[in-house]
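Undergrad: Sharing a structure with you now.
The values are calculated or read from the model by the stated rules, or taken from the named source; none is laboratory data. In this text the structure is predicted, and so the values were computed from the model without any measurement. Because the Cβ atoms are built from the backbone with ideal geometry, glycine has one as well, and the counts that use them run over all protein chains shown.
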Amino acid sequence: MPAMNILQELKQRFQATLTQLVDDPSAELEMIRPAQDARFGDYQANCAMPLGKKLGKPPRDVAQQIVEQLDLNDLCDNPEIAGPGFINLRLLDDWIQTQLQHSVSDERLGVTPTASPRTYIIDFSSPNVAKPMHVGHIRSTVIGDSLCRIFRFLGHQVISDNHLGDWGTQFGMIIYGYRNFALSEAYEQEPVQELGRVYRVVRGIMDHYDALDRQPVVAQRIAQLQTEVEQAERQAEEETEKAAKKKATKACKKLRGQLNEAVAEQKSLSQKIEKAADNPEFAERLAAHKTIRDDVLAETAKLHSGDPENLQLWKEFLPKCRDEIERVYNRLQVSFDEELGESFYHDRLKAVVDDLQAKGLATESEGATCVFLDGFEAPMIVRKKDGAFLYATTDLATLQYRVERWSPDAILYVVDFRQSDHFDKLFAAARRWGIENVELRHVEFGTVLGEDGKPFKTRAGDTVGLESLLDAAVERAAQVVNDNDDAKPQGAELSTAQRQEIADVVGHAAIKYADLSQNRASDYVYSEDKMVALRGNTATYLQYSYARVQSIFARGGIDIESLRQGNGTISIAHEKERALALQLLRFSEALTEVEVDYRPNHLTNYLYELATLFSGFFEACPVIKADTPELRDSRALLCDLVARTLKIGLSLLGIQVVEKM
RNA sequence: GCGCCCAUAGCUCAGCUGGAUAGAGCAACGGACUUCUAAUCCGUAGGUCGGAGGUUCGAAUCCUCCUGGGCGUACCA
């Protein structure tokens, strides 16, 4: 008998019965679900209530009718009808045992590959190669990578594509910086560091001039806001009607808030500018590069128009920049099938715009070439008035290329939700352009916020580099590993090298899990403490559970391989065993939940619950000292299934396990 | 102004397409290591699911309005 998804099996059993009551029972089938509360059994069917309404019968009668016609004898106890018409189902221990027994010898733990495989292109990570990666890049990278792994495991074809920013203004900055600030010796020895340094130098000067420009604007805004605040205050004062007064007071408060913000910005601008005055070297640079912003744009434009020298520099820098981000990907164990960056599409952009124009989709407006779309206030601009293309253009070209090359069923963009407007337009434009029969989906996620609750800004100056965060997590993990090993009852058992390796795995896992376990739609307040936490619902807890199982096998001298080969039988007796067994059988349900709406946190929730149930089992059900050899074998096999489910489950999140902790 | 999103325990968050008495972790308090790893477990306490209406047999979940916050909004990505 093949292993199966319990929910699917139940739905199949219900289908025959429900078809007799309604033409299309799919909605009713969806109302079969895991029980919310153990008192109601394992699963519940909630379809009798709406059916009662539809058929004009009392729901409990409908439930009774369904139950009488159901053939579940090999699967469940007699269904119970409760409350207004809930049908409560409790699986037979025998059936659970049989199912689990199958998982024992199944590499996929009873998860059958999908019957309808699709081709997915998953676009994620996509950093600017010239800038160091920071915490803001984690979400896309980690969520996208996990989705790739999960969809592959489910039997879909997945093409992961890193749409690198490798053709933008950053390269104009690096080229400019290289020409003006690079030290040849440093560049020869450590090119990436040196390019990073000159990038920051250029950035610093540009920021300074931006700040200088911004200062009068802010000053003017402050003046204006002050007047407005005074006006609003007067109005609030004079207003006699209650509701209007309240409204005026509120408007007043809002304006004050804006004023405070502007004042704060002014302060930060002056600080930035004063800092330059204190630094003679920087002041000298400022004086020598007064037109830096235009010059950088000019370098970028030259690159884009095929200037041989700039192109040559770009070709020289690009691999070095890519090596740099590759190092981070290696640490994160993330890889891509394709890394077709913006530059790959450069020579296709003109054709895209020409085609849009030829088809009457793009028109000139205020000098720019625009696609106007129903339901959108602003058009999608595909060519600026200076002739340059934009990311909308690149995204259209990319979409076209992907559809032509792979004929995917779906393209997922794992990108910050702030770009949702862009993707709405992109997808709308693509449809009008004739791209059909492909699911286009912005898998959006919340913004990474700073400690102040405001969006984490790269250019704020005090960016937290991604690598330093990883280092911090590993360091904290090392501390815990050391303490724990030292405190073991039988004495420490790990070498320094082992400890280091464990800390490495645990630390990186902590970062990834912190992100994956959160609903991706929520904003994410960046907190190092939270991200490197090693207690509660964390990867560490799951890894610990895995290591505990291995420890049982090691200490008990249990030959788990031989048990798997058929020398052991699972039998469910204890309540904790049953709860654990049932959870083990639900692995595929958890993966299906991820699949439905691209939410890896459903998998982390499942694994956390599994580990929690295992801990309960661990406390209550001794393995090595079980009463009988049969019980010992049965429990060992349960432990093994827990460990294997954790290992595979974590691997689908891009997280490793260790044998000892 | 217009559009999108969010509001759940002191804090950080789960809660799948509407289901029965809303759940975790952290923090607090009280217990459990001569017994397979205490990175653990058990227990206590903590809630007007922002507010008001509505739809429904049933609403944290769907609809409307209100309040508070975030983001986006014509040539950055």
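Undergrad: May I ask you to list the residues in segment A:431-467 that are of a type in the set (Val, Ile, Thr), assigned to a loop (DSSP other than H, G, I, E, B) and modelled with pLDDT of 65 or more?
TA: Start the filter on segment A:431-467 by keeping residues that are of a type in the set (Val, Ile, Thr), which leaves A:435, A:438, A:443, A:447-448, A:458, A:463-464.
After this cut, where a residue has to be assigned to a loop (DSSP other than H, G, I, E, B) as well, the list is A:435, A:438, A:447, A:463-464.
If the condition is that a residue be of a type in the set (Val, Ile, Thr), assigned to a loop (DSSP other than H, G, I, E, B) and modelled with pLDDT of 65 or more, then A:ILE435, A:VAL438, A:THR447, A:VAL464 are the ones that fit.
Undergrad: On to the next question. I'd like to verify a number: residues in segment A:19-37 that are in contact (Cβ under 8 Å) with a residue 40 or more places away in the chain and over 17 Å from A:LEU7 (Cβ atoms), how many? Please lay out each step first, then the result.
TA: Pass one, segment A:19-37, residues in contact (Cβ under 8 Å) with a residue 40 or more places away in the chain: A:20-21, A:34-35.
Filter again for over 17 Å from A:LEU7 (Cβ atoms), leaving A:20-21.
Summing the residues that are in contact (Cβ under 8 Å) with a residue 40 or more places away in the chain and over 17 Å from A:LEU7 (Cβ atoms) in segment A:19-37 gives 2.
Undergrad: Evaluate segment A:594-604: report whether one residue or more is in contact (Cβ under 8 Å) with a residue 60 or more places away in the chain and farther than 24 Å from A:LEU332 by Cβ. Outline the logic, then answer.
TA: First, pick out the residues of segment A:594-604 that are in contact (Cβ under 8 Å) with a residue 60 or more places away in the chain: A:594-595, A:598-601, A:603-604.
Remaining after also requiring farther than 24 Å from A:LEU332 by Cβ: none.
No, segment A:594-604 contains no residue that is in contact (Cβ under 8 Å) with a residue 60 or more places away in the chain and farther than 24 Å from A:LEU332 by Cβ.
Undergrad: From the set of residues in segment A:139-187 that are within 14 Å of RNA strand B (Cβ to nearest atom) and of a type in the set (A, V, I, L, M), which is farthest from A:ALA521 (Cα to Cα)?
TA: To start, the set of residues in segment A:139-187 that are within 14 Å of RNA strand B (Cβ to nearest atom) comprises A:139-140, A:143, A:162-173.
Right, trim to of a type in the set (A, V, I, L, M) and you get A:143, A:164, A:173.
On the way: A:ILE143: 12, A:LEU164: 23, A:MET173: 34 Å.
Here the residue is A:MET173.
Undergrad: So, of the residues in segment A:9-60 that are of a type in the set (Val, Ile, Thr) and crowded, with 16+ Cβ neighbours inside 10 Å, which turns out to be nearest to RNA strand B (Cβ to nearest atom)?
TA: Step one: list which residues in segment A:9-60 are of a type in the set (Val, Ile, Thr), which gives A:17, A:19, A:22, A:32.
Now restrict to residues that are crowded, with 16+ Cβ neighbours inside 10 Å: A:17, A:32.
Details: A:THR17: 17, A:ILE32: 9 Å.
Filtering segment A:9-60 for residues that are of a type in the set (Val, Ile, Thr) and crowded, with 16+ Cβ neighbours inside 10 Å, the one nearest to RNA strand B (Cβ to nearest atom) comes out as A:ILE32.
Undergrad: Any chance you could count how many residues in segment A:495-544 are of a type in the set (A, V, I, L, M, F, W, C), more than 9 Å from RNA strand B (Cβ to nearest atom) and touching a residue at least 40 places away in the same chain (Cβ under 8 Å)?
TA: 8
Undergrad: So, in segment A:243-296, how many residues would count as being assigned to a helix (DSSP H, G or I), over 19 Å from A:VAL229 (Cα atoms) and touching a helix residue (DSSP H, G or I) at 6+ places or on another chain (Cβ under 9 Å)?
TA: Summing the residues that are assigned to a helix (DSSP H, G or I), over 19 Å from A:VAL229 (Cα atoms) and touching a helix residue (DSSP H, G or I) at 6+ places or on another chain (Cβ under 9 Å) in segment A:243-296 gives 17.
Undergrad: Of the residues A:SER634, A:SER651, which is closer than 23 Å to A:ARG108 by Cβ and surrounded by fewer than 18 Cβ atoms within 10 Å (Cβ to Cβ)? Spell out the reasoning first.
TA: Numbers: A:SER634 fails: surrounded by fewer than 18 Cβ atoms within 10 Å (Cβ to Cβ).
After applying the criteria, what remains is A:SER651.
Undergrad: Has segment A:387-406 got any residue that is among the aromatic types (Phe, Trp, Tyr) and more than 9 Å from RNA strand B (Cβ to nearest atom)?
TA: Step one: list which residues in segment A:387-406 are among the aromatic types (Phe, Trp, Tyr), which gives A:389, A:391, A:401, A:406.
Checking the rest, the ones that are also more than 9 Å from RNA strand B (Cβ to nearest atom) come to A:401, A:406.
The answer is yes; a qualifying residue exists.
Undergrad: Here is a follow-up. Tell me which residues, restricted to segment A:177-220, are hydroxyl-bearing (Ser, Thr, Tyr) and more than 30 Å from A:LYS267 (Cα to Cα). Talk me through it step by step, then tell me what you get.
TA: Pass one, segment A:177-220, residues hydroxyl-bearing (Ser, Thr, Tyr): A:178, A:184, A:187, A:199, A:209.
Within segment A:177-220, A:TYR178, A:SER184, A:TYR187 qualify.
Undergrad: So A:THR612 clears everything in (1) in contact (Cβ under 8 Å) with a residue 12 or more places away in the chain; (2) within 12 Å of RNA strand B (Cβ to nearest atom) except one condition, right? Which one?
TA: The failed condition is (1).
Undergrad: Residues to consider are A:ARG348, A:ARG418; find the one that is within 31 Å of the chain's Cα centre (by Cα) and farther than 27 Å from A:GLU595 by Cβ.
TA: Working: A:ARG418 fails: farther than 27 Å from A:GLU595 by Cβ.
Within the list A:ARG348, A:ARG418, the selection yields A:ARG348.
Undergrad: A:SER335: hydroxyl-bearing (Ser, Thr, Tyr), under 29 Å from the mean Cα position of the chain (by Cα) and over 26 Å from A:GLU436 (Cα atoms), yes or no?
TA: Working: hydroxyl-bearing (Ser, Thr, Tyr): yes; under 29 Å from the mean Cα position of the chain (by Cα): yes; over 26 Å from A:GLU436 (Cα atoms): yes.
Taking the combined requirement at face value, the residue satisfies it.
Undergrad: Among the residues of segment A:90-100, is there at least one that is surrounded by 14 or more Cβ atoms within 10 Å (Cβ to Cβ), of a type in the set (Phe, Trp, Tyr) and touching a helix residue (DSSP H, G or I) at 6+ places or on another chain (Cβ under 8 Å)? Talk me through it step by step, then tell me what you get.
TA: Initial filter on segment A:90-100 (surrounded by 14 or more Cβ atoms within 10 Å (Cβ to Cβ)): A:90-93, A:95-100.
Checking which are of a type in the set (Phe, Trp, Tyr) leaves us with A:95.
Next cut, touching a helix residue (DSSP H, G or I) at 6+ places or on another chain (Cβ under 8 Å) only: none.
No, the conditions are met nowhere in segment A:90-100.
Undergrad: From the list A:LYS350, A:LYS320, which one is surrounded by 13 or more Cβ atoms within 10 Å (Cβ to Cβ), in the same structural domain as A:ILE143 (by TED's automatic domain parsing) and charged (D, E, K, R)?
TA: Values: A:LYS320 fails: in the same structural domain as A:ILE143 (by TED's automatic domain parsing).
Going through A:LYS350, A:LYS320 in turn, the sole match is A:LYS350.
Undergrad: Exactly one condition in (1) aliphatic (A, V, I, L, M); (2) in contact (Cβ under 8 Å) with a residue 24 or more places away in the chain; (3) within 11 Å of RNA strand B (Cβ to nearest atom) is false for A:ILE6; which is it?
TA: Failing condition for A:ILE6: (3).
Undergrad: Any residue at all in segment A:276-287 that is among the basic types (Lys, Arg), in the same structural domain as A:MET206 (by TED's automatic domain parsing) and either modelled with pLDDT under 85 or touching a Lys or Arg at 6+ places or on another chain (Cβ under 6 Å) (or both)?
TA: Residues of segment A:276-287 that are among the basic types (Lys, Arg), as a first pass: A:285.
Those left that are additionally in the same structural domain as A:MET206 (by TED's automatic domain parsing): A:285.
With either modelled with pLDDT under 85 or touching a Lys or Arg at 6+ places or on another chain (Cβ under 6 Å) (or both) added as a condition, the list becomes none.
So far as segment A:276-287 goes, no, none of its residues is among the basic types (Lys, Arg), in the same structural domain as A:MET206 (by TED's automatic domain parsing) and either modelled with pLDDT under 85 or touching a Lys or Arg at 6+ places or on another chain (Cβ under 6 Å) (or both).
Undergrad: Quick check on my filter: what residues within segment A:84-108 are under 16 Å from A:ILE32 (Cβ atoms) and out of contact with any Phe, Trp or Tyr (no Cβ under 6 Å at 6 or more places or on another chain)?
TA: Within segment A:84-108, the subset under 16 Å from A:ILE32 (Cβ atoms) is A:85-91.
Result: A:GLY85, A:PHE86, A:ILE87, A:ARG90, A:LEU91.
Undergrad: Among the helices (runs of 4 or more DSSP H) contained in segment A:132-242, which hold 1 or more residues that are out of contact with any His (no Cβ under 8 Å at 6 or more places or on another chain), among the hydrophobic types (A, V, I, L, M, F, W, C) and crowded, with 16+ Cβ neighbours inside 10 Å? Break it down into steps so the answer makes sense when it comes.
TA: Details: elements: A:138-153, A:169-181, A:184-189, A:191-238.
Result: A:138-153, A:169-181, A:191-238.
Undergrad: Could you list, in sequence order, the residues of segment A:522-551 that are over 20 Å from A:HIS137 (Cα atoms), charged (D, E, K, R) and not in a helix (DSSP H, G or I)?
TA: A:ARG535
Undergrad: Of the conditions (1) near RNA strand B (Cβ under 9 Å from one of its atoms); (2) within 29 Å of the chain's Cα centre (by Cα), A:CYS639 fails just one. Which one is it?
TA: Result: A:CYS639 fails condition (2) only.
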